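Structure first, then comments.
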Amino acid sequence: MTDIEPDDTVDARGAACPGPLMDLIGKIRSAESGDVIRLLSDNDQSLTDVPEWAEEAGNELLAVEELDDHNEFYVEKA
Amino acid sequence: MTEHVVIVGGGTGGTVLANDLADRLEPELDAGDVRVTLVNDDPDHVYKPVWLYVPFGQREPDDGRRPLDDLVDDAIDLRIDRVSDIDTEAQRLQFHGSAPPVSYDYLVLATGSTLEPDQIPGLTEGGHNYYSESGATDLRDELLEFTEGDLVLSVIGTPHMCPAAPLEFVFMADDWLRERGLREDVDITYTYPIQRVHGNPHIAEWARPIMEERDIQVETFFNAKSVDPDAETITSMEGTELDYDLLVTIPPHGGIDLIEEAGLGDDGWVDVDKHTLEAEAADNVYALGDTADTGVPNAGSVAHYQAGVVGQRLASEIRGRPATATYDGKTLCFIETGMDAASFVEFDYENPPSPAPPSEKLHWSKLAYNESYWLTARGLL
């Protein structure tokens, strides 16, 4: 378990691709620089989508927690 | 006791459902056991797919407008009004002005999408769109003056109405400019928020080679952050800046505030069971079309099919039977690939789309359906 404290959480469980990534982008859009957003997704595509976008946008993917029924991504806005 | 069904929203979903119920519940409506009210804030029904053709001079906005009164069965109470509050505990709606509140036994929310261009600084001033009547006519005027330079089509908000329309626009613009002998003087760039050119990977895989073949430049992972109308640039959250001479965008979309205020879901979309279309946060509330957060495209065909499901479920519930009809994600779209050719896709929750080879026949099928849409709105097709 990570001890990162997110500033906000997006629960995109149940959403089809590209819903989780778009939900994350929407939340990052309105976040402040340095804010950490936690994304909850049960779509496996997020495991590639989210790291690719985070790198492209210059945001840092701090951690990915792979849980039984979903994954949690911690992204810090640059 | 008369059971009261209230449908809020007179777009495709709400109108098809009202006419579906008029037919399905005819005995109960005749006997006064059921009353169905359709509420809309505009006396006209608007068929938005017409707008894609307006910038190219092929349709007028009025081609997509008809009075709801002409389309909706006389057994339905049509109310032109604006809802100001939804109380799902008391099962009651408030209206703007001094009208008394209205109670419902079943509520269907079909309020659709609204455009929110102000989310992006400079977009209202610098961008054009074909997602509104005025936007489409303004864009038509701009296109008629546009003979050279950079045409940028940027998909900013997703989900947005008609996910195929951005691809259709660049394919049509490419063809239209070629026909007019201007294509060599115009660079077309298409931007999309994720790493491919469409949300659905199968459609993206199909479209990308066509874009390459037609010399349509692509910028993926492009989430517009701001537009500078003076410098004529659009900048992304990812740090890419594009020059434009004509900027066409799919603006950010949202649902209506009443939905969030009623605790039914975020951003104006109702959290629903994606099969039954029942709201998760309230009893006796359904949502359909764009309003229902199912993850399927915001498309008229979806609203149409969902209306049939909700109509069957409501009829079952009113007759005291278990509601068994479910929505399977069925979506059907024609995709214009130029001014004289189109493709076609059909898919659902389980089966992905496989775009048909573009043909003139499919193009004419799309235009023919657009003309016969008024039969769909009447619940006949």
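The values are calculated or read from the model by the stated rules, or taken from the named source; none is laboratory data. Note that this is a predicted model, so its numbers are computed, not measured. Cβ atoms come from the backbone with ideal geometry, glycine included; neighbour counts cover every protein chain shown.
Observations
- Filter pass, A:Met1 being outside any strand (DSSP E or B) and within 11 Å of chain B (Cβ to nearest Cβ): no
- Here A:Leu39 fulfils each of the conditions (1) at pLDDT 95 or above; (2) closer than 23 Å to B:Trp269 by Cα; (3) out of contact with any helix residue (DSSP H, G or I) (no Cβ under 8 Å at 6 or more places or on another chain) apart from (3).
- When the stretch B:193-217 is limited to residues that are more than 14 Å from chain A (Cβ to nearest Cβ) and more than 14 Å from B:Thr337 (Cβ to Cβ), the one that is surrounded by the fewest Cβ atoms within 10 Å (Cβ to Cβ) turns out to be B:Asp215.
- Which numbered condition B:Tyr190 fails, given (1) within 14 Å of another protein chain (Cβ to nearest Cβ); (2) surrounded by 17 or more Cβ atoms within 10 Å (Cβ to Cβ); (3) without any contact (Cβ under 8 Å) to a residue 40 or more places away in the chain; (4) more than 20 Å from the chain's Cα centre (by Cα): (1)
- Those strands (runs of 3 or more DSSP E) of the stretch B:263-359 in which 3 or more residues are in contact with a strand residue (DSSP E or B) (Cβ under 8 Å, 6 or more places away or on another chain) and not hydroxyl-bearing (Ser, Thr, Tyr) occupy B:331-336, B:342-347.
- Taken over the stretch A:53-71, the criterion of being touching a Pro at 6+ places or on another chain (Cβ under 9 Å) and closer than 20 Å to A:Gly14 by Cα is satisfied by A:Val64 alone.
- Answer residue from the stretch B:297-327, given it is of a type in the set (A, V, I, L, M, F, W, C), surrounded by 24 or more Cβ atoms within 10 Å (Cβ to Cβ) and out of contact with any Phe, Trp or Tyr (no Cβ under 7 Å at 6 or more places or on another chain) and is nearest to B:Val6 (Cα to Cα) among those: B:Ala307
- Remark: A:Val36 falls outside the filter, which requires a residue to be without any contact (Cβ under 8 Å) to a residue 40 or more places away in the chain and under 13 Å from the mean Cα position of the chain (by Cα).
- Among the criteria (1) buried (at least 18 other Cβ atoms within 10 Å of the Cβ); (2) more than 14 Å from chain A (Cβ to nearest Cβ); (3) in contact (Cβ under 8 Å) with a residue 40 or more places away in the chain, the one B:Asp283 does not fulfil is (1).
- Selection over the stretch B:219-240 of residues that are away from chain A (no Cβ under 14 Å) and either outside any loop (DSSP other than H, G, I, E, B) or over 14 Å from B:Thr189 (Cβ atoms) (or both) gives a count of 7.
- The lone exception for B:Val248 - which of (1) within 22 Å of the chain's Cα centre (by Cα); (2) within 14 Å of another protein chain (Cβ to nearest Cβ) it fails: (2)
- Selection status of A:Arg29, away from chain B (no Cβ under 14 Å) and either free of Cβ contacts under 8 Å to residues at least 12 places away in the same chain or under 9 Å from the mean Cα position of the chain (by Cα) (or both): no
- Residue tally, condition more than 20 Å from the chain's Cα centre (by Cα), surrounded by fewer than 17 Cβ atoms within 10 Å (Cβ to Cβ) and closer than 22 Å to B:His4 by Cα, over the stretch B:27-78: 8
- Test: residue in the stretch B:148-164 that is without any contact (Cβ under 8 Å) to a residue 24 or more places away in the chain and either buried (at least 20 other Cβ atoms within 10 Å of the Cβ) or hydrophobic (A, V, I, L, M, F, W, C) (or both): no
- Residue within the stretch A:31-39 that is more than 24 Å from B:Gly254 (Cα to Cα) and part of a strand (DSSP E or B) present: yes
- Restricting A:Val50, A:Val64, A:Val75, A:Val10 to residues that are assigned to a strand (DSSP E or B), of a type in the set (A, V, I, L, M) and within 11 Å of another protein chain (Cβ to nearest Cβ) narrows the list to A:Val10.
- Condition met for B:Tyr244 (in contact with a strand residue (DSSP E or B) (Cβ under 7 Å, 6 or more places away or on another chain), aromatic (Phe, Trp, Tyr), free of Cβ contacts under 8 Å to residues at least 60 places away in the same chain and buried (at least 21 other Cβ atoms within 10 Å of the Cβ)): no
- Consider the stretch B:130-171 and keep the residues that are within 14 Å of chain A (Cβ to nearest Cβ) and assigned to a loop (DSSP other than H, G, I, E, B). The one that is nearest to B:Pro252 (Cα to Cα) is B:Gly157.
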